[in-house]
Amino acid sequence: MDNFTHSLAGALLGRMGLKRLSPRAMPALIIAANLPDIDSFVARWFGVTGRTFHRGFTHGVGGLVVLPFLVVAIILLWERLRPSKEGRVKPAGLLLVCFAGTLSHPLLDLTNTYGVRLLEPLSNRWFYGDTLFIMDPWIWIALILGLELSWRAERLGRNWMRPAICVFGGVLGYIGLNTAISARAVAATRPLVARITQPRMIVAGEVPLIFWKRQMMWRGDKLAGTGQYDPIGGARLDAKVVPLGLDDPRFVRAQRTNPEVRDFLFWSRMPQVIHVDGRAYLSDQRFPALRRVTFMVPLDNR
């Protein structure tokens, strides 16, 4: 998810009661909820691309072990430079807060089609939720509403945790609803694909703002295509069917000789060879709109 969502989620956890565990808990939660995305900035230090390194170690088991302590160190340094008026920081409470904030990040990222390597460094396996678009305005509205209602209740001397907890429950319900829609979309699309080829993978891609619709992507052994789904109209496939192109000699050769191709395949979930202006590129079906920016690797030497 986008960092605005992660920040709001960290703040909401604080308003649910975690901010009582220690002074500086609120900034700690917001920092911890965003810190896993540091992987995109440090990828070069490890000699890999940000695309491949992203959503790996810092989003997995390794990040849950390391990052909370890093956030605690940042907060303690901050406290030494500018002591809090709320009293002395409680290290144990602050560590628990940082763990909760860090954990919220991969759980949110898990909801979209990009994927997360939750078990890294123990395993490089990707996990995909196929549930929410990376920027969901409905999530923004809900989280902002929960924070505002909580702040207002606190100013009025009421139970300020209750509004945040209720909104948190509502967001979980929204994610559950979208999970069910995606599962139904895949089930409805499968028999349509089976008329063309044996379906090997069907992915329900999230549609921005119109959360009840899905952009369907499917592939067989050699063919691929797209479609749409909505709960009222059901599933339908687009007429255009294209070859995967994974038997292209240029791709076969590049797998052996081009480290950038191997790097891309480590990340890719739905690899496909496409042709643009007479050139062959390795791409991914999930992100057609972003191919020219990030998700295209040339397969020839021109």
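The angle between the Cα long axis of helix 91-109 and the longest principal axis of the Cα atoms of the chain comes to about 20 degrees, rounded to the nearest 10.
What list do you get for Val273, Val42 if you sort them by fewest beta carbons within 10 Å? Let's see the in-between values first.
Values: Val273 20, Val42 12.
Lowest count first: Val42, Val273.
In the chain, taking the dipole from charged Cβ atoms about the Cα centre, the farthest positive-side position among Val89, Tyr174, Phe4 is held by Val89.
In plain terms, the C-alpha convex hull of the stretch 3-129 casts an average shadow of 7.9 nm² when viewed from every direction.
In straight-distance terms, cross-link reach from Lys19 covers every one of the aspartates and glutamates whose alpha-carbon lies under 17 Å from its own, apart from those fewer than eight places away in the same chain; here that gives Glu79, Glu86, Glu148, Glu154. Between amide H atoms placed 1.01 Å from N, distances below 5 Å from Gly205 occur with Gln215, Met216, Met217, all of them 5 or more places distant or on a separate chain.
Among Asn34, Asn159, Asn178, determine the one that fluctuates most according to a GNM of the chain built with springs between C-alpha atoms less than 10 Å apart. Result for the chain, Cα springs under 10 Å: Asn159 fluctuates most. The label-point distance for Ala92 and Ser123, in a model that sets each label 7 Å from Cα toward Cβ, rounds to 3.4 nm. As a proxy for reagent exposure, ranking Thr5, Thr257 by other Cβ atoms within 10 Å from fewest up yields Thr257, Thr5. Eigenvalues of the alpha-carbon gyration tensor of the chain, scaled by 5 and square-rooted, set the equivalent ellipsoid semi-axes at 41, 25, 13 angstrom, largest first.
Diagonalising the gyration tensor over the Cα atoms of the stretch 146-302 and scaling each eigenvalue by 5 before taking the square root yields semi-axes of 41, 22, 12 Å, largest first. About its Cα centre, the chain has a charge dipole of approximately 300 debye under the convention of +1 per Lys or Arg Cβ and -1 per Asp or Glu Cβ, with nothing else charged. Computed from backbone phi, the HN-Hα couplings of the stretch 145-154 come to 4, x, 5, 5, 5, 5, 4, 5, 5, 5 Hz, rounded to whole numbers (Karplus: 6.51 cos²θ - 1.76 cosθ + 1.60, θ = phi - 60°; Gly and Pro given as x). Between the stretch 32-106 and the stretch 176-224, the alpha-carbon centres lie 35 Å apart. Annotation for Arg195 and Trp138: the two label points, set 7 Å from Cα along the Cα-Cβ direction, are 2.9 nm apart.
Could you give the length gained on full extension between Val42 and His275, defined as 0.36 nm per residue of separation minus the Cα-Cα distance, in nm? Display every interim value, and only then the final one.
Numbers: separation 233, 0.36 × 233 = 83.88 nm, distance 3.22 nm.
Taking Val42 through His275 to full extension adds about 80.7 nm, to one decimal.
Label-to-label distance, Leu107 versus Asp300, with points set 7 angstrom from Cα along the beta-carbon direction: 5.0 nm. What angle do you read, to the nearest 10 degrees and between 0 and 90, between the alpha-carbon axis of helix 61-81 and the longest principal axis of the chain? The helix 61-81 is inclined about 40 degrees to the chain.
Here the relative contact order of the chain, from alpha carbon pairs under 8 Å that lie six or more residues apart, stands at 14 percent. Annotation: amide H of Asp130 within the under-5 Å range of Asn112, Thr113, sequence separation 5 or more or interchain, hydrogens built in the peptide plane.
Applying Stokes-Einstein at 20 °C and 1.002 mPa s to the Kirkwood radius of the stretch 127-186, computed over alpha-carbon pairs, gives a translational diffusion coefficient of 168 µm² s⁻¹. With R₀ set to 25 Å, the beta-carbon distance separating Val207 from Leu145 gives a calculated FRET efficiency near 0.65. Given springs between every Cα pair under 10 Å in a Gaussian network model of the chain, which of Glu86, Glu206, Glu120 has the largest fluctuation? Evaluated over the chain, the most mobile residue of the options is Glu86.
Each reported figure results from applying straightforward, stated rules to the coordinates on display, with no laboratory input. Fair warning: this is a prediction, and the values are worked out from it, not measured in the lab. Note: ideal-geometry Cβ built from the backbone for every residue, glycine included; neighbour counts use all protein chains shown.
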